[in-house]
Amino acid sequence: MTKVVKLALINNVTDKNGNKVEYYDLNKCLWDLQKETRDLKNTVIRECWEWYGFSNDYYKLNEEYPAERDHLKREKANGTIKDYSLDGFIYSKYSKKYKLHSGNLCTTLRTASGAFRTSLKDILRGDKSVLSYKADQPLDVQKKCIVLEYDKDTNTYYITLTLLNKTGVKFYDIGDFRFKVTVKDNSTRTILERCYDEIYSISASKLIWNKKKGQWFLNLCYSFDKTETKELDKNKILGVNLGVYYPIYASISGEKDRLAISGDELIEFRNRIEARRNALKKQAAVCGDGRIGHGYKTRMKPVLNISDKIANFRDTFNHKASRKLIDFAVKNDCGIIQLENLKGVTKDTEGFLKNWSFYDLQSKIENKAKERGIKVVYIEPAYTSLRCSKCGYIHKDNHPTREQFICQECGYRTLHDYNASQNIAVKDIDKIIKAELEKMGIKKNKDEEKPEK
Ligand SMILES: [Zn+2]
């Protein structure tokens, strides 16, 4: 299903060199493109009429209609002759005349020739007048030419549109058009969020000049994914183990297929950041960089900026990771995602993990799951990493190294994160573990037997 949302755009355009483009210059360029769009559409209609006339004459002589490719030929730059469909023929004949981006130009061309074909009967019957396009044409923008960005710090959405071809970029000395989006209500914000999250996919849209308001509007078209409507199995559980080396490790009980999101990117980022942070702290301490005399806050400013960088990185990382997890759940028909309740699991962990907000990852998973109708169930994490998912045996020695899981009872060997996710994927696993412990005669003592996370 495709829908449209009307977005008011505010000038935030810079030229190729990064200098701000004045509103008047921007408008002038876009108005030129409107004229080009109109001219192109009317040219298409003229060419269509010409071909229609030729077809009729041809029919009278040959009692059959001509095939486009047999008659529409043009010489290419290298001297070879190429045959074309009518649309292709028009494109090759006129596209160089315009500054419109080629993809958008194609969309406009196809729209006009399509309109000609669908209205031809009515026109011939006299029910409709011959098509002619007036001024203030909307500019077609194809999917590839629309980029949606979100700036977390200012809570602002930006839309970048590619509207010019190479000649146009040179002529106007402007690159892409970057607009700030005015978000006037929550439903618009939700739509933008979902487009940004790729829950909705953006499709070919139109840029429209509103004379009365003196402003550009983007009629942004977006569509729902087909999988969005897929009914999920309400009893199928995806177990998710959260950690540092694998921020997300997910599997379904008894199934080998798994989703492992590696934390390499995260650890590499941490090392980079910590090195930089230490260097800056030293620098700030000796005050040798001109920031002296402005108080502690000013001197520590670069270090604080690093915190922003970490927050941004975490936000993006968690965003992508949670999206992958939901996609995996949907792909596997899982109506339930089971997570560990990680409140208070910061005791034995290293510094970065402490700062690494699992809460943020969990809430992102929750939000995305909710949108998709997936239930999130929390279980107590105790012993999920020490329990054998094959035989249920619980022992400290089952988890000898960070990566390994080796059951001391049945000998089952696997990756620790996979085994843990297999446990977490079992319904009421915390109650089962409790019963198993009682059977083994181990009293649950959180302080002594706290599993490493
Ligand atoms: Zn076992």
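The values are calculated or read from the model by the stated rules, or taken from the named source; none is laboratory data. All figures in this text were calculated on a predicted structure; none of them were measured in a lab. Virtual Cβ from ideal backbone geometry, glycine too; neighbours counted across all protein chains shown. Only protein heavy atoms, including side chains, enter the accessible area calculation; ligands, DNA and RNA are left aside. Shrake-Rupley method; radii C 1.70, N 1.55, O 1.52, S 1.80 Å.
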Q. For region 249-295, what are the residues that are touching a Pro at 6+ places or on another chain (Cβ under 6 Å) and modelled with pLDDT of 80 or more?
A. I261, G263
Q. Scanning for something open to solvent by 70 Å² or more (accessible area, probe 1.4 Å) and within 14 Å of the ligand (Cβ to nearest atom), does region 379-389 turn up at least one residue?
A. no
Q. In the set T167, T154, which member is assigned to a loop (DSSP other than H, G, I, E, B) and more than 28 Å from E50 (Cα to Cα)?
A. T154
Q.
I'm told L139 meets every condition in (1) open to solvent by less than 50 Å² (accessible area, probe 1.4 Å); (2) at pLDDT below 95 except one. Can you identify the failing condition by its number?
A. (2)
**Q.** Lone qualifier among V345, V376 - being modelled with pLDDT of 90 or more and either more than 16 Å from the ligand (Cβ to nearest atom) or open to solvent by 40 Å² or more (accessible area, probe 1.4 Å) (or both)
**A.** V376
Q: Could you tell me which residue of region 394-413 is modelled with the highest pLDDT, considering only residues that are among the polar types (S, T, N, Q) and either open to solvent by 70 Å² or more (accessible area, probe 1.4 Å) or more than 9 Å from the ligand (Cβ to nearest atom) (or both)?
A: Q408
Q) Would you pick out the residues in region 62-98 that are of a type in the set (A, V, I, L, M) and open to solvent by less than 40 Å² (accessible area, probe 1.4 Å)? A) L72, L86, I90
**Q.** Scope region 166-189; condition under 23 Å from K16 (Cα atoms), open to solvent by less than 40 Å² (accessible area, probe 1.4 Å) and of a type outside the set (F, W, Y); matching residues
**A.** G168, V169, I174, G175, V181
Q.
Is it the case, given these coordinates, that S92 is free of Cβ contacts under 8 Å to residues at least 40 places away in the same chain, under 14 Å from I45 (Cα atoms) and polar (S, T, N, Q)?
A. no
Q.
Every residue in region 48-66 that is hydrophobic (A, V, I, L, M, F, W, C) and touching a Ser or Thr at 6+ places or on another chain (Cβ under 7 Å), please.
A. C48
Q. Of the residues that sit in region 200-216 and are over 12 Å from M1 (Cα atoms) and surrounded by 15 or more Cβ atoms within 10 Å (Cβ to Cβ), which one is modelled with the lowest pLDDT?
A. Q215
Q) Right, L192: under 20 Å from the mean Cα position of the chain (by Cα), within 20 Å of G103 (Cα to Cα) and surrounded by 17 or more Cβ atoms within 10 Å (Cβ to Cβ) or not? A) no
Q: Select from region 17-47 the residues that are more than 23 Å from Y157 (Cβ to Cβ), surrounded by fewer than 15 Cβ atoms within 10 Å (Cβ to Cβ) and touching a strand residue (DSSP E or B) at 6+ places or on another chain (Cβ under 9 Å) and list them in ascending order.
A: W31
Q. What pairs come up if the first residue lies in region 150-161 and is closer than 15 Å to D308 by Cα, the second is among the polar types (S, T, N, Q) and open to solvent by less than 80 Å² (accessible area, probe 1.4 Å), and their beta carbons are under 7 Å apart, counting only those six or more places apart or on different chains?
A. K152/N312
Q) Considering region 407-417 alone, what residues qualify as being within 24 Å of A435 (Cβ to Cβ) and in contact with a strand residue (DSSP E or B) (Cβ under 6 Å, 6 or more places away or on another chain)? A) T414, H416
Q.
Tally up the residues in region 217-271 that are in a loop (DSSP other than H, G, I, E, B), crowded, with 17+ Cβ neighbours inside 10 Å and in contact (Cβ under 8 Å) with a residue 24 or more places away in the chain, please.
A. 7
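Output the number of residues of region 119-143 satisfying the condition of being among the basic types (K, R) and in contact with a strand residue (DSSP E or B) (Cβ under 9 Å, 6 or more places away or on another chain).
1
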Q: Could you identify the single residue in T107, T111 that is touching a strand residue (DSSP E or B) at 6+ places or on another chain (Cβ under 6 Å), assigned to a helix (DSSP H, G or I) and surrounded by 13 or more Cβ atoms within 10 Å (Cβ to Cβ)?
A: T107
Q: Would you please name the residue that is farthest from the ligand (Cβ to nearest atom), looking only at residues in region 414-428 that are of a type in the set (V, I, T) and buried (at least 20 other Cβ atoms within 10 Å of the Cβ)?
A: I424
